[in-house]
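Heads up, the thing below is written out as structure tokens.
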Amino acid sequence: MKKATHKKTKAHNATLVLRTIYHRALLSRADIARATGLTRSTVSEFVGELIQAGLVRETGPVASAVGKPPINVELEPGSRQLISIDLGEDEFRGALVNLRGEVLHRHSLPLGDLKGPGALREVHRLVEGLLALVGAPLLGIGIGAPGPVDPRRGVIKLSVNRDWVNIGLKDILESRFKVPVHIANDCHVAAMAEGAYGGHGIDPSLVLIKAGEGVGSGIVLGGALHSGEGHSAGEIGHLCVDREGLPCSCGNRGCLETVAGLPALLRQARDLARRTPGTAFGKAAKAKGVSLAMLADFNARGDREARALAQEFGTQLGAAAASLACILNLRTIVFSGTPVLFGEPLLEAARAELQARVLPEQARETTLAFSMLGPDIVIRGASALVLRNELDLP
Ligand SMILES: [Zn+2]
């Protein structure tokens, strides 16, 4: 018993040293001892082991005013590589990334309407393509998948587009490729990416609301993903916002997705264009049809109709953010995906809706912002999932 506890403490301290080095640039062993509260000799022992494992490197003596110059250590980001995969709705995107979640190589496979075992073979092909490029020990494979996922068992419970039901992708890939595999819902891994690489500091707590074809969110508490008892925490896309609303793919009516998903956004734009045929927006829509790029472009130019759409979109997201802010009382709620294309007008509308729906104190404490991570957010999040599970980083 005592031995087990000692082993646990040792592992915890080793992680503490690695995390300290990961999060701060150029530290001496004395700096690490100060930051962690561990003794100098304990720190030296762990740093020695990390250097031995190749995860950390010494950067040579630096000029010091007095005494022996200290030798600094830093993370060796290229010492391990990870395969990150975004099983998107239209294509499977993969990348080889380093320990900082930086993309080294990419590979993607368009899917069309490939389903079932055929789509599964494409996952194998994607992994094989990336494995051929691996240039350092492989830490694992991380995967973000749309729809409900059980991350503990690594099972994709349902993927409507791919016609997958209860696919044990973790077991399938681990037995084939002999490396650890971690899988989670794509909104959940996007939230992990925001927590790890979004610039919110060590062990952040935040909610990320991701909108694209669908709408979902992920919750990170103290740096760790909160996936919920049934692994569907933050599944706001099918939260009813209008009982009398349009039918949704899930069988209910008026889900958030029916007003804030991309098909809904384009439908609203077409309706508005029909109602305002004499405006620049109406004319452009009639000539070329509506697209996301067209809406974003008109909104950026201050077009009245496009602005109204962006504001309505912001209002819907603000209402969703209000529910989350009220329940979780976290300081940071971040939007990613299509909302980012609509800039400040969307954010202002979302803030106004938040203020209208929660206590003034809660509204003041909640910051709404855009993610800066761009279209790689799920890829980077899948790497954060592996890092967290394998090395207790970032
Ligand atoms: Zn629904």
TODO: Find all pairs meeting these conditions: Cβ atoms under 8 angstrom apart; at least six residues apart or on different chains; first residue within the stretch 251-262 and free of Cβ contacts under 8 Å to residues at least 40 places away in the same chain and closer than 15 Å to Leu309 by Cα; second residue outside any loop (DSSP other than H, G, I, E, B) and more than 9 Å from the ligand (Cβ to nearest atom).
DONE: Thr258/Ala264
Task: Residue that is farthest from the ligand (Cβ to nearest atom), among those in the stretch 265-304 that are surrounded by 21 or more Cβ atoms within 10 Å (Cβ to Cβ) and closer than 15 Å to Leu346 by Cβ - done: Phe298
- [ ] For residues that are in contact (Cβ under 8 Å) with a residue 40 or more places away in the chain and closer than 21 Å to Leu385 by Cβ, tally how many sit in the stretch 120-138.
- [x] 11
Task: Filter result for Pro69 (more than 21 Å from the chain's Cα centre (by Cα) and not in a loop (DSSP other than H, G, I, E, B)) - done: no
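Quick grid of which residues meet (1) in contact with an Asp or Glu (Cβ under 8 Å, 6 or more places away or on another chain); (2) modelled with pLDDT under 95:
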residue	(1), (2)
Lys2	no, yes
Thr5	no, yes
Thr15	yes, yes
Leu27	yes, yes
Ala65	no, yes
Ile71	yes, yes
Asp86	yes, no
Glu89	yes, yes
Gly116	yes, yes
Open item on the list: Given the criterion within 23 Å of the chain's Cα centre (by Cα), surrounded by fewer than 17 Cβ atoms within 10 Å (Cβ to Cβ), of a type in the set (Gly, Ala, Ser) and assigned by TED's automatic domain parsing to the domain that holds His238, identify the matching residue among Gly314, Gly261, Gly343.
Closed with: Gly343
- [ ] Could you grab me the full set of residues in the stretch 22-39 that are touching a helix residue (DSSP H, G or I) at 6+ places or on another chain (Cβ under 8 Å) and among the basic types (Lys, Arg)?
- [x] Arg24, Arg29
TODO: Give the residue, chosen from Ala384, Ala350, that is modelled with pLDDT of 95 or more and farther than 30 Å from Leu139 by Cβ.
DONE: Ala350
Task: Matching option when the condition is touching a residue at least 12 places away in the same chain (Cβ under 8 Å), outside any loop (DSSP other than H, G, I, E, B) and either in contact with a helix residue (DSSP H, G or I) (Cβ under 8 Å, 6 or more places away or on another chain) or not assigned by TED's automatic domain parsing to the domain that holds Asn329 (or both), among Arg274, Arg307 - done: Arg307
- [ ] Test Ile143 against the criterion of being assigned to a strand (DSSP E or B) and either closer than 30 Å to Phe342 by Cβ or assigned by TED's automatic domain parsing to the domain that holds Ala264 (or both), and give yes or no.
- [x] yes
TODO: Would you check if there is a residue in the stretch 232-253 being buried (at least 21 other Cβ atoms within 10 Å of the Cβ), at positive phi and touching a Gly at 6+ places or on another chain (Cβ under 8 Å)?
DONE: yes
Open item on the list: Within the stretch 326-336, does at least one residue satisfy the condition of being within 16 Å of the ligand (Cβ to nearest atom), in a helix (DSSP H, G or I) and under 22 Å from the mean Cα position of the chain (by Cα)?
Closed with: no
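Residue-by-condition table, conditions (1) closer than 15 Å to Glu89 by Cα; (2) assigned to a loop (DSSP other than H, G, I, E, B); (3) among the polar types (S, T, N, Q); (4) not assigned by TED's automatic domain parsing to the domain that holds His231:
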site: Asp113; (1), (2), (3), (4): yes, yes, no, yes
site: Ala119; (1), (2), (3), (4): yes, no, no, yes
site: Glu122; (1), (2), (3), (4): yes, no, no, yes
site: Val134; (1), (2), (3), (4): no, yes, no, yes
site: Lys157; (1), (2), (3), (4): no, no, no, yes
site: Met192; (1), (2), (3), (4): no, no, no, yes
TODO: Would you tally the residues in the stretch 142-195 being touching a Leu at 6+ places or on another chain (Cβ under 7 Å) and charged (D, E, K, R)?
DONE: 1
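The values are calculated or read from the model by the stated rules, or taken from the named source; none is laboratory data. A quick note: this is a predicted structure, and the numbers were derived from the prediction, not measured. Virtual Cβ from ideal backbone geometry, glycine too; neighbours counted across all protein chains shown.
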